[in-house]
């Protein structure tokens, strides 16, 4: 079996490479280290590419920009994979506003390039797209909330388990990043429904793990833990630091991708995150990492939230578990903190 992973040096991409390599698949990765261009040296993922190449002798890296339509078409025509996992993206709200063409060309046009290349040269392949919960824009902020000592939480019983896939996606502020990802999300659905392709969108909450090159503009837990370990100042943007995210380990994402490929559907959408059990606010995360490292968190408050940012976001995992009852979260929030902390301790400064 043959797998093509875009963004193969990133967090989810590299986890997918590892997971399917362990299953004996022939794995091809596409990555051009655009993250270093977007975020500078701290966002560089070459170290992860080199780690994968040294660990998996059968892994093949392709230096390819998904915005290059001819190159993408040629790649799919040559490889004809059984599974395409598309994780490459420009992932930052703030950066999208300053580089809108790069953002849209990467997130929306790049996804279209891959979809059409797959339709033309690997029609029977399963196509999994890493979307984002930002496709809902800031609409989740209209849910009635209650303020607790260390976090915001839903004050509406309809959202006790989190946000479901039928939550509205339009008439809200998305940020340009959210808009470009929404365009890609709808296109992936359309290729499934219109052409009958086996596609799904995974609308990720906070995707995390030890192989995340977290930076201030993207990579919540990874960057927060890095700041604590290195004694850096962490900036909290609005909402009193009580904003909540549900966190899912990259391994559990890879496991779901495998489950979907084994029993694929056409044009499906899933909210993939850690659920309520793996949710944390920034203030709560400060306490967790300080307890692990023994170092108090150095932070300052900026009294302005990021545009389109969610106050509280928790993924309802009911649909995923109903469609794939053999899948569940295996990595607890404590596991996530421990693994990222250990990785940061070992990382070169």
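Numbers at a glance
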| item | result |
| --- | --- |
| Residue among 340, 311 that is closer than 28 Å to residue 46 by Cβ and in contact with a helix residue (DSSP H, G or I) (Cβ under 8 Å, 6 or more places away or on another chain) | 340 |
| Positions within segment 302-349 being modelled with pLDDT of 95 or more, part of a loop (DSSP other than H, G, I, E, B) and surrounded by 13 or more Cβ atoms within 10 Å (Cβ to Cβ), in sequence order | 311, 314, 316, 317, 324, 327, 328, 329, 331, 332 |
| Test for residue 80: is it surrounded by fewer than 20 Cβ atoms within 10 Å (Cβ to Cβ), within 30 Å of residue 263 (Cβ to Cβ) and over 16 Å from the mean Cα position of the chain (by Cα) | yes |
| Some residue of segment 101-120 being in contact with a strand residue (DSSP E or B) (Cβ under 9 Å, 6 or more places away or on another chain), assigned to a strand (DSSP E or B) and under 12 Å from residue 199 (Cβ atoms) | no |
| Search result, residues across segment 8-27 that are within 19 Å of residue 78 (Cβ to Cβ) and touching a helix residue (DSSP H, G or I) at 6+ places or on another chain (Cβ under 6 Å) | 8, 17, 27 |
| Subset of segment 259-275 [assigned to a helix (DSSP H, G or I) and surrounded by fewer than 18 Cβ atoms within 10 Å (Cβ to Cβ)] | 259, 262 |
| Output for segment 83-102, where each listed residue is crowded, with 22+ Cβ neighbours inside 10 Å and either over 23 Å from residue 40 (Cα atoms) or modelled with pLDDT under 95 (or both) | 83, 84, 85, 89, 90, 91, 92, 96 |
| Selection within segment 65-74 - touching a helix residue (DSSP H, G or I) at 6+ places or on another chain (Cβ under 8 Å), surrounded by fewer than 22 Cβ atoms within 10 Å (Cβ to Cβ) and not in a loop (DSSP other than H, G, I, E, B) | 69, 73 |
| Checklist (1) at pLDDT 95 or above; (2) more than 13 Å from residue 5 (Cβ to Cβ); (3) part of a loop (DSSP other than H, G, I, E, B) applied to residue 54, failing item | (3) |
| Checking residue 110 against (1) over 29 Å from residue 182 (Cβ atoms); (2) surrounded by 17 or more Cβ atoms within 10 Å (Cβ to Cβ); (3) out of contact with any helix residue (DSSP H, G or I) (no Cβ under 6 Å at 6 or more places or on another chain), the condition it does not meet | (1) |
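A quick yes/no check of all residues on (1) touching a strand residue (DSSP E or B) at 6+ places or on another chain (Cβ under 6 Å); (2) closer than 17 Å to residue 316 by Cα; (3) surrounded by fewer than 23 Cβ atoms within 10 Å (Cβ to Cβ); (4) without any contact (Cβ under 8 Å) to a residue 40 or more places away in the chain:
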site	(1), (2), (3), (4)
141	no, yes, yes, no
145	yes, yes, yes, no
148	no, no, yes, no
168	no, yes, yes, yes
181	yes, no, no, no
190	no, no, yes, no
209	yes, no, no, no
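The values are calculated or read from the model by the stated rules, or taken from the named source; none is laboratory data. Keep in mind that what you see is a predicted model, and the values were worked out from it rather than measured. In this analysis, Cβ positions are derived from the backbone assuming ideal geometry, glycine residues included, and neighbour counts consider all displayed protein chains.
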